[in-house]
Amino acid sequence: MTVTNWAGNVTFGAARVHSPGTLDELREVVAASERLRPLGTGHSFNRIADTDGDLVSVASLPSTVHIDSLASEVTVSAGVRYGELASRLHAAGYALHNLASLPHISVAGAVATGTHGSGVASPGLGAAVTGLRLVTADGELLELRRDDPRLAGAVVSLGALGIVVDVTLRVRPTFDLAQYVYERLPWSQLSTGWPEIMGAGYSVSLFTDWTDSVINQIWVKRDPADAPLPTRWHGATIAETPLHPVPGMSAVNCTEQGGVPGPWHERLPHFRLDFTPSSGAELQTEYLLPATNALAALEAVDSIRDRVAPVLQISEIRTIAADDLWLSPSHGRDSVAIHFTWHPDADAVAPVVEALEERLAPFDARPHWGKVFATDPAALRARYPRFPDFLALRAELDPSGKLINPMLGRYLGL
């Protein structure tokens, strides 16, 4: 059976694909395997999940969502997707602090690769994790809670510590947001307006195709109780009709715009929960760097726009608050994320990614673990102060390297 990732740019080399239906079956599979990797929803764009041994999916394990009102936490089975979890939380009166642009990704897979949402005061998705249960390489079940210092190392795990079976997340009372979209923000406005623009809402995204002297769109998701933003704002004009981030595409599957209030889980993602993408005709790359370097980094990208634009569908610029997770790309620093959605042409994209990394290297850029990047492994390890601690934790939980594949071996220095 041929198994590919969502984008179709990776065909996994696994000899076997397992979908155990019970925890005991999962433990048996892990204990018996010589080499294995966890497989989530396949929304990674590189070979982080690849193996020539066993691929293990937890999607067939019992789907559970248990809300603990006293602790303000929810424990959810690893294969549950954020869209499903968000709907159930909202129905019970609760919310997560953030969501990614696409709500169709699994909880365990998203936090393991450092996936994030947006907002100057909102850290990535993994920052909500207060506990994990995972099956380690020897088939044993390990529970980590917030009082265990290893938890901060096990959240963004890259799948190198074990197969996560459930995740406990901090929740808050449900809330509403209203989404406004503006068009054609002059690039020149960023030099003086950056703090106000990026802080104008609970979550703010800038979209650009790097072909003009303007930012194509600004998506502002803010409290409906706040005073509406003006029709003309920092030189940009409020959109009269709903828009899709990618020029020319229909907005029918995008979350509601025009300032109409709605629940958090129907506004924080860019795409509707009831829209399931059938394929991903794209590649993705993303770099997170200190927010203090945001404008200089954007200028660095702009200096090679003639190389970026021809292979690009759209670029998104967001902010993420700092967290303390050892391998999180926003570990220890408030960050700006510069994201690139490419046309699905790996040969054309590869040299542009290398050129971007050359321009962004002075800003201590950390790539998203699940996307296309070419960063030198030694340089990447040096950008994470807790990398030695993660390596020690990995050696403790998987001393034989059962969960290591060639990509991880290279970037972990093994």
Among (1) 22.6; (2) 21.6; (3) 23.2, which one is Kirkwood radius over Cα pairs in Å computed from these coordinates? (2)
How are the C-alpha pair distances of the range 214-302 spread across 5 Å bins, as whole percents from the shortest bin up? 2, 10, 16, 19, 19, 18, 12, 2
Rounded to the nearest 0.05, FRET efficiency between ALA309 and ALA92 (Cβ-Cβ, R0 35 Å) equals 0.20
Amide H neighbours of GLY131 under 5 Å, counting only residues 5+ apart in sequence or on other chains, H built in-plane at 1.01 Å? THR168
If amide H atoms are modeled at 1.01 Å from N in the peptide plane, then the residues at a separation of 5 or more from ALA78, or on another chain, having amide H under 5 Å from its own are ASP166, VAL167
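On full extension of the chain, what length is gained from THR22 through ALA59, given 0.36 nm per residue of separation minus the C-alpha to C-alpha distance?
12.3 nm
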Within a Gaussian network of the chain (alpha carbon springs, distance under 10 Å), most fluctuating of VAL260, VAL58, VAL164: VAL260
Asserting the computed 222 nm helical MRE of the chain (DSSP H runs at least 4 long, -39500 (n - 2.57) per run, divided by residue count, to nearest 500) equals -6000 deg cm²/dmol
Separation in nanometres of the label points that stand 7 Å from Cα toward Cβ, at ALA31 and ASP226: 5.3
Step through the residues of the range 107-123 one at a time and calculate ³J(HN,Hα) from phi using the Karplus curve (6.51 cos²θ - 1.76 cosθ + 1.60, θ = phi - 60°), rounding each to whole Hz and writing x for Gly and Pro. 4, 5, x, 5, 6, 5, 9, x, 5, 9, x, 8, x, 4, 10, 10, x
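Counting only C-alpha contacts under 8 Å and six or more residues apart, can you give the relative contact order of the range 65-174 as a whole percent?
Normalised by residue count, the contact order of the range 65-174 is 33 percent.
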In nm, to one decimal, how far is the modelled label at ASP148 from the one at ALA71, with both set 7 Å along Cα→Cβ? 1.2
Comparing THR241, THR174, THR255, which has the greatest mean-square fluctuation in the GNM of the chain with Cα pairs linked when under 10 Å apart? THR241
Provide the gained length on full extension for the span GLU240 to ALA355, in nm with one decimal, where the gain is 0.36 nm per separating residue minus the Cα-Cα distance. 37.7 nm
5 Å is the cut-off here: which amide hydrogens, built 1.01 Å from N in the peptide plane, fall below it relative to VAL56, excluding neighbours closer than 5 in sequence? HIS18, ARG37, LEU39
Once both axes come from the Cα atoms, what is the angle between helix 23-32 and the longest principal axis of the chain, in degrees from 0 to 90, rounded to 10? 70
If each residue of separation counts as 0.36 nm, what is the full-extension length gain between PHE275 and ASP347 once their alpha-carbon separation is subtracted? 22.9 nm
Separation in nanometres of the label points that stand 7 Å from Cα toward Cβ, at THR292 and GLU183: 3.9
May I ask you to evaluate 6.51 cos²θ - 1.76 cosθ + 1.60, the Karplus curve with θ = phi - 60°, for each residue of the range 47-57 and list the ³J(HN,Hα) values in order in whole Hz, giving x for glycine and proline? 9, 4, 9, 6, 6, 9, x, 10, 8, 10, 9
What whole-number volume per residue, in cubic angstrom, does the convex hull of the C-alpha atoms of the range 65-174 give? 99
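What FRET efficiency, computed as 1/(1 + (r/R0)^6) with R0 = 35 Å and r the Cβ-Cβ distance, is obtained for GLU256 and ALA392, rounded to the nearest 0.05?
0.15
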Output the relative contact order of the chain, whole-number percent, from Cα pairs under 8 angstrom with separation of 6+ residues. 18
Can you compute 3J(HN,Hα) from phi for each residue in the range 256-264, using the Karplus curve 6.51 cos²θ - 1.76 cosθ + 1.60 with θ = phi - 60°, rounded to whole Hz and x for Gly and Pro? 5, 10, x, x, 6, x, x, x, 3
Using a Gaussian network model of the chain with C-alpha springs under 10 Å, which one of GLY153, GLY13, GLY201 is most mobile by mean-square fluctuation? GLY13
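Since every read-out is calculated from the coordinates, none of them should be taken as a lab result. Note that the structure is predicted; figures quoted are calculated from it, not measured. Cβ atoms come from the backbone with ideal geometry, glycine included; neighbour counts cover every protein chain shown.
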